[in-house]
Amino acid sequence: MEKPVLRVNNLGKRFKLYHQSQDRLVEWLTLGAKRKHTDFWAVRNIQFELQRGDFLGILGHNGAGKSTLLKMLSGVLTPSEGSFEVNGRMLSLLELGTGTNESLTGRENTTNRAKIFGFSQQEVDDHISEIKEFSELGEFFEYPVSTYSSGMRARLNFSTFAFLDCDILVLDEVLAVGDIFFKQKCYQRMDELLKNDTTIILVTHSVQYVNSFCNKALVIDSGEQVYMGEKEEGVRMYGRLRHKQLRTLDTTTQKKPELADHKEKVQEKLADDNWQGKEMEWPPLEQFPEILPIRRRNLVLEQFLLQNEEGVMTTVINQGEMVTLYYTFRVVNEPVEGKIAAGVMIFDNLNRVVHGRDNYQANPHMHLPERLEPGSFVRFKQKVKMDIKEGMYIARLRALQVKEDEGLRETIFPSEQVMSFEVILPQKNALFTRFEGMADLAGSSVVQWKHGDDGDH
Amino acid sequence: MILKELYRHRKYIFENALSDFRYRYAGTALGVFWNIVNPLLETLIYVIIFQQLLGMRAPGKGDSYALFLIAGLFPWLAFSGLINQGGKAYLRNANKLRVINLPPVVFVATEYCASFIQLMIYFGLMLIIYPVFGGILPGLAWLFLPVAGALLLLLGFMITLIIANLQVLFEDVGELVHHFIHLWRWTMPVMYTLDVFPESWQFWMKLNPPYLFIDMVRGIILNNALPPALDWLIMLGWLVVLGLAAAVIHRRLSPEIRDYL
């Protein structure tokens, strides 16, 4: 096997947290005898190797430690433990536009930037025309950056990086900006780089990018390396991370004994398998993530779980996959008067409702109780086929009481955000897309034809 | 270590200093001339107060107080400007330090260069003022002025490097420096002459770190003379002591300060 281009050994970063800056002074004056700081490991025990031509996607939620890791790799932060070896030249574009001198032209900035990274004038001269052409800045390349639009800045920055020779290119969510055409070009360029055996490391929130472009994935959760390896498995692992999708139980706020006590009682009720209504399969208690119960009016959401077709909890869903949602409410204080109806509402990233349907809309004749007294529990199992465009979505949960005699639908649990998820295309190949646009509408097509034999050309 | 980093990024430092300097007053009608407005105004005020109201005289017989003042005040302004601006260099460039792998010391060095340019402009101004208003013609020792200025600012660079590092970790340092620097100028004979003090004090006054450097510049301009050996020894002593202190503090703190930017 070839020598890895990047080898990361047990890398970790600890920040010392001080309440006040004077505390540090106290530590210094006592020569460290008096300890006033708490250690915070932003990221720890990171271990992986990359070969030439690898494209690594780093996945993790906000605050997982992705950026800290990248900053260590690019030399901005000093590792607190462990080490890494780079065999070759590494370029890192951690943020667009920083270090840009507004009063200098695009050309001058490009040159300056290259020099910071240790390129010689000769190397810059060799590439400057490619950079200019790729950036599509035209004559603006010779104007001060202060006259640029944000899109133009993005183009200048990416171009600089994509055309300087390096062995590893590190990108931190930089492609989130810029117009769609330029993005496309960037990905094309990245493909070329990979073919030339450049290694790319990309940090992103988008599972779709990792799924379509990367071959390796590193999943970080709360500073821990959860997974490193093939991208398919990485994407799956990322989907199963419990953090931040749901309001996970925060141990710091759960110290009150009465709450813990109360929790036990509820858990006991939930575990007891004596339910009325239609027979259904319900996952065992331990499969549900621990969530902070959400209370609105007279309902408390006690359980929530989304499973994919394989029965695995996830936040990454293949387009067209049938997912199953499980959720349980507890009635408190006031009774639910009328039939209860609950359902998940799916919102897209522009906060438009993509779809929502509760059990009453699905079947008004379903057998339901007319009234639920405080202390009652009610649980729902809902299936949704995710025939929607790939992208990021938010699931909100809503509950209503339907008073059939009065013809009223009253919201008793206003739509509350319970998770975010991403729908991805299972195939990269464009031949296999099943539809265009936002939603898969049911339908079919039939085709007929006649071969011609005019032969007049 | 520091020297290696500075050498490696020398071009970035020079270019940044130049463009900082060039664009500081960009868009103003007088442009670069604003750089000399401030020192000239200060000179005017001190001349009115000390010479006109308090009757201060220059040490040499018949010498003008204004000429004595300018020769010391201008270098002091460059020196204190470096400490004031350079002390904040890390905080001001935090956005760059957070994402670009540049050694932080580069930004203090940039301030050094900018201050040096400023000082050279002051010297240029003196080349006009002294012959025209004082009848003092530049002598051979004037050739040494850039070196004297560079040494004065080198001392400033060392102090600045210490402050820049500390300021990231302790917010109070900024305030402290800001107020201290105003007091500092009054602790040495720049606005007034050394002979207002009893003779037994005079040697101790010379131990104020920047004083002998400023006095060197003043000596060159007013008397066309370089400092005596004892002065050199004291200056060298300060450069060594502060240089070591700056190197040690920088070495200890620079890996950590980026964590707090």
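If the condition is being open to solvent by less than 20 Å² (accessible area, probe 1.4 Å) and more than 13 Å from chain A (Cβ to nearest Cβ), then the range B:91-110 contributes B:V105, B:V108, B:A109. In this structure, is A:L70 in contact with an Asp or Glu (Cβ under 6 Å, 6 or more places away or on another chain), closer than 27 Å to B:Y90 by Cβ, within 11 Å of chain B (Cβ to nearest Cβ) and buried (at least 17 other Cβ atoms within 10 Å of the Cβ)? Considered against the rule, which asks whether it is in contact with an Asp or Glu (Cβ under 6 Å, 6 or more places away or on another chain), closer than 27 Å to B:Y90 by Cβ, within 11 Å of chain B (Cβ to nearest Cβ) and buried (at least 17 other Cβ atoms within 10 Å of the Cβ), A:L70 comes out as yes.
In summary, strands (runs of 3 or more DSSP E) completely within the range A:302-398 and bearing 2 or more residues that are farther than 27 Å from A:G277 by Cα occur at A:316-318, A:339-348, A:353-358. Apart from one condition, A:G407 fits all of (1) among the small types (G, A, S); (2) touching a residue at least 24 places away in the same chain (Cβ under 8 Å); (3) open to solvent by 40 Å² or more (accessible area, probe 1.4 Å); the exception is (2).
Could you say whether any residue in the range A:36-54 is within 14 Å of another protein chain (Cβ to nearest Cβ), β-branched (V, I, T) and free of Cβ contacts under 8 Å to residues at least 12 places away in the same chain? No: the range A:36-54 contains no residue that is within 14 Å of another protein chain (Cβ to nearest Cβ), β-branched (V, I, T) and free of Cβ contacts under 8 Å to residues at least 12 places away in the same chain. Taking the criterion of being under 20 Å from A:M228 (Cβ atoms) and either surrounded by fewer than 21 Cβ atoms within 10 Å (Cβ to Cβ) or within 18 Å of the chain's Cα centre (by Cα) (or both), the residues of the range A:81-107 that qualify are A:E81, A:G82, A:S83, A:F84, A:E85, A:V86, A:N87. Of all residues in the range B:243-261, those that are within 11 Å of another protein chain (Cβ to nearest Cβ) have Cβ atoms under 7 Å from Cβ atoms of residues that are charged (D, E, K, R), 6 or more apart or on another chain, in B:L261/B:R98. Taking the conditions (1) of a type in the set (A, V, I, L, M, F, W, C); (2) open to solvent by 30 Å² or more (accessible area, probe 1.4 Å); (3) within 15 Å of B:L151 (Cα to Cα) in turn, B:L183 satisfies each one other than (3). Apart from one condition, A:L73 fits all of (1) farther than 28 Å from B:S254 by Cβ; (2) aliphatic (A, V, I, L, M); (3) touching a Phe, Trp or Tyr at 6+ places or on another chain (Cβ under 8 Å); the exception is (1). For B:L53, the conditions (1) open to solvent by 70 Å² or more (accessible area, probe 1.4 Å); (2) more than 23 Å from the chain's Cα centre (by Cα); (3) within 14 Å of chain A (Cβ to nearest Cβ) all hold with the exception of (3). Restricting attention to the range A:114-134, the residues being part of a loop (DSSP other than H, G, I, E, B) and open to solvent by less than 30 Å² (accessible area, probe 1.4 Å) number 1.
Let's see how each residue does on (1) among the β-branched types (V, I, T); (2) within 24 Å of B:D20 (Cα to Cα); (3) more than 12 Å from the chain's Cα centre (by Cα):
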site: B:F116; (1), (2), (3): no, yes, no
site: B:F123; (1), (2), (3): no, yes, yes
site: B:W142; (1), (2), (3): no, no, yes
site: B:V147; (1), (2), (3): yes, yes, yes
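Yes or no: B:V47 closer than 29 Å to B:V173 by Cα and surrounded by 13 or more Cβ atoms within 10 Å (Cβ to Cβ)? Taking the combined requirement at face value, the residue does not satisfy it.
Give just the number: which of (1) open to solvent by 80 Å² or more (accessible area, probe 1.4 Å); (2) over 20 Å from B:L154 (Cβ atoms) does B:L226 not satisfy? It fails just one condition, (2). Among the candidates A:L156, A:L137, A:L164, the residue that is under 13 Å from A:E102 (Cα atoms), touching a residue at least 12 places away in the same chain (Cβ under 8 Å) and surrounded by 14 or more Cβ atoms within 10 Å (Cβ to Cβ) is uniquely A:L156. For the range A:18-44, the set of residues classified as among the hydrophobic types (A, V, I, L, M, F, W, C), exposed (fewer than 11 other Cβ atoms within 10 Å of the Cβ) and not in a helix (DSSP H, G or I) consists of A:L31, A:A33, listed by residue number.
Here the range A:180-199 is the region considered, the condition is being surrounded by 15 or more Cβ atoms within 10 Å (Cβ to Cβ) and within 23 Å of A:P426 (Cβ to Cβ), and the residue that is farthest from the chain's Cα centre (by Cα) is A:L194.
Of all the criteria given as (1) surrounded by 11 or more Cβ atoms within 10 Å (Cβ to Cβ); (2) out of contact with any His (no Cβ under 6 Å at 6 or more places or on another chain); (3) in the same structural domain as A:P289 (by TED's automatic domain parsing), the one not satisfied by A:I346 is (2).
The values are calculated or read from the model by the stated rules, or taken from the named source; none is laboratory data. Note that the structure is predicted; figures quoted are calculated from it, not measured. For neighbour counting, all protein chains shown are included, and Cβ atoms are generated from backbone atoms with ideal geometry for every residue, glycine included. To get the accessible areas, we keep the full protein, side chains included, count just its heavy atoms, and leave off ligands, DNA and RNA. Shrake-Rupley method; radii C 1.70, N 1.55, O 1.52, S 1.80 Å.
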